[in-house]
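Notes follow once the structure below has been shown.
What follows draws every value from the coordinates through simple rules; no lab data is involved. Every value quoted in this text rests on a predicted model; they were computed, and no experiment measured them. Don't worry about glycine lacking a Cβ; one is built from the backbone with ideal geometry, like all the others, and counts go over all protein chains shown.
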Amino acid sequence: MMFIKSRNMSPKRLPFLLLLIALANCTNESQSNMPIAKQSSIKAKIEINHVPEVVYTSVQGAYINPENPSAGALIKDHQLTWLFHLVFHAQVESLRIENVDVEFSRYGKLMWQETYPRSYLKNLTWLEGGIRYDTEYFLENIEFVNNKMASLEKPTSPDIPADGATTWARFNEAKPYFSRIDAITFKFEFRNEKNEAQYAEHTVPIQEWNQNAKLHLPFDGLWVAKSGNDLRTGHRRTGLNGLTTYGWDFMKVGEDGRTFRTDGSTPSDYYAYNAEVLAPADGVVTHVRNDIEEYGIGVTPPRERVEEDGDVFAGNLVIIDHGNGEYTLTSHMRADTITVKTGDHVKLGQLIGLVGNSGVSMVPHIHFNMMDKAQWLKARGIPSLFSDFERIQHTDSSEAIERGNPMTGWLVRPNVSN
């Protein structure tokens with residue numbers, strides 16, 4: 001070999017050079033055995049977006065000691081939760097998702113990671129087309145059958161058609177309170193019809209909302225969180241316009257432990273009906289509806305009614321500006337019972353109306369959530385916590401909660417001692 005015969009080559013360096021040559025040969029052999037796609041890292045011609053556009057860290061309220069079987073508790077402390085959708089638009093050819101590595105990080109530092117093979121992904125929720133958080137999408141994908149809503153969304157598999165879209169619906173995580181992150185990065189491996197590997201990444205920024213308003217439950221007495229915003233609920237998993245994502249539905253509970261007196265066939269049979277609704281904090285009223293009709297138990301407004309007047313979905317409502325970009329929506333009240341008007345300054349605990357069954361309500365209840373705009377149909381929900389309330393146990397004991405998130409099924413009441 002000419003290189004070894006060089007005049008400047010010292011015989012003592014020969015073994016070292018042979019070792020380098022051997023190592024180089026091993027390296028070349030290792031690289032040649034790698035899949036071509038891995039070598040070239042072929043970038044998939046695909047667009048990936050997340051819905052909603054802004055994803056917040058949400059605190060899932062404090063749980064009772066898990067050693068107490070009647071509590072049905074998971075952990076002692078808070079959990080942090082994230083839920084969003086990923087929308088894939090294939091630009092040239094059909095692709096199937098073969099594998100995804102998911103990295104959870106904070107300040108650029110990897111905190112933990114998970115890997116989901118196709119066998120696991122196939123068991124998750126996939127929808128045809130691209131989900132959107134707007135009123136038009138919502139109305140396009142529901143139908144009113146016998147005045148009841150039914151979803152028109154079509155399930156599918158982790159496959160993206162050529163020049164088409166697929167949604168990975170409801171990616172969710174729940175971690176202990178100390179697992180704070182600010183980004184989730186998805187690293188996808190796709191395969192085309194020729195089984196050629198292609199790759200793409202997408203990062204979802206995670207934000208934290210630092211709540212300023214000190215909110216209190218908007219009622220007196222004992223109520224049940226019929227539907228909260230924990231990960232399993234419709235509020236969190238669907239969320240009209242992303243508005244109801246962090247909302248609650250509350251129903252009043254009678255001394256008999258039920259939400260209605262007899263058979264629940266009429267609105268007036270429910271303990272919540274005509275109950276007082278209170279301002280959750282000081283603020284200024286920005287919007288009121290006091291004229292929307294009720295349609296009966298288990299009945300929704302006609303589709304055309306919702307299409308012509310979006311407020312009909314929420315029924316009679318009061319929106320309050322609490323400052324710092326925080327607004328609250330309280331809805332489904334009775335017509336002609338709203339006691340405030342736009343521009344009024346309200347105080348914590350002030351009467352604002354009576355519970356009804358207006359709009360898309362099904363049964364008398366209060367819907368409540370915090371949002372980022374005064375116009376609720378254009379707003380997005382933001383995480384919020386209530387202060388100074390009690391969780392009542394079935395064992396007649398109670399837990400005082402200074403600040404927390406009532407979970408679905410919790411029996412709660414204001415802590416009058418504060």
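The phi torsions of the stretch 157-174, fed into the Karplus equation with coefficients 6.51, -1.76 and 1.60 and a -60° offset, translate into couplings of 10, x, 9, 10, x, 4, 6, x, 9, 9, 10, 8, 8, 6, 5, 9, 9, 9 Hz, rounded to whole numbers, with Gly and Pro shown as x. Taking amide hydrogens as placed 1.01 Å from N in the peptide plane, the amide H of Ala183 sits under 5 Å from those of Ser105, Ile206, each at least 5 positions away in sequence or on another chain.
Phi angles across the stretch 190-199 convert, under the Karplus curve 6.51 cos²θ - 1.76 cosθ + 1.60 with θ = phi - 60°, into 3J(HN,Hα) values of 9, 10, 8, 5, 8, 6, 7, 7, 9, 9 Hz, Gly and Pro given as x. Is the stretch 46-208 rounded, prolate or oblate when judged by the Cα gyration tensor, a ≥ b ≥ c being the square roots of its eigenvalues, rounded requiring a/c under 1.5 and prolate requiring a/b larger than b/c? Oblate, since a/c reaches 1.5 and b/c is not below a/b.
Here the residues Tyr273, Tyr116, ranked from fewest to most Cβ neighbours within 10 Å of their Cβ, fall in the order Tyr116, Tyr273.
Each peptide among 224-230, 99-105 gets the average number of other Cβ atoms lying within 10 Å of its residues, and from highest to lowest they stand as 224-230, 99-105. Given a cut-off of under 8 Å on Cα pairs at least six residues apart, what relative contact order in percent is computed for the stretch 223-414? Once normalised by length, the contact order is 27 percent.
Converting phi to 3J(HN,Hα) with the Karplus coefficients 6.51, -1.76 and 1.60 and the offset θ = phi - 60°, the stretch 206-217 yields 10, 10, 10, 9, 8, 5, 9, 5, 8, 8, 10, 4 Hz in sequence order, with x at every glycine or proline. Taking amide H as placed 1.01 Å from N in the peptide plane, Gly353 has its amide H under 5 Å from the amide H of Val277, Thr339, each at least 5 places away in sequence or on another chain. Taking amide H as placed 1.01 Å from N in the peptide plane, Asp282 has its amide H under 5 Å from the amide H of Leu348, each at least 5 places away in sequence or on another chain.
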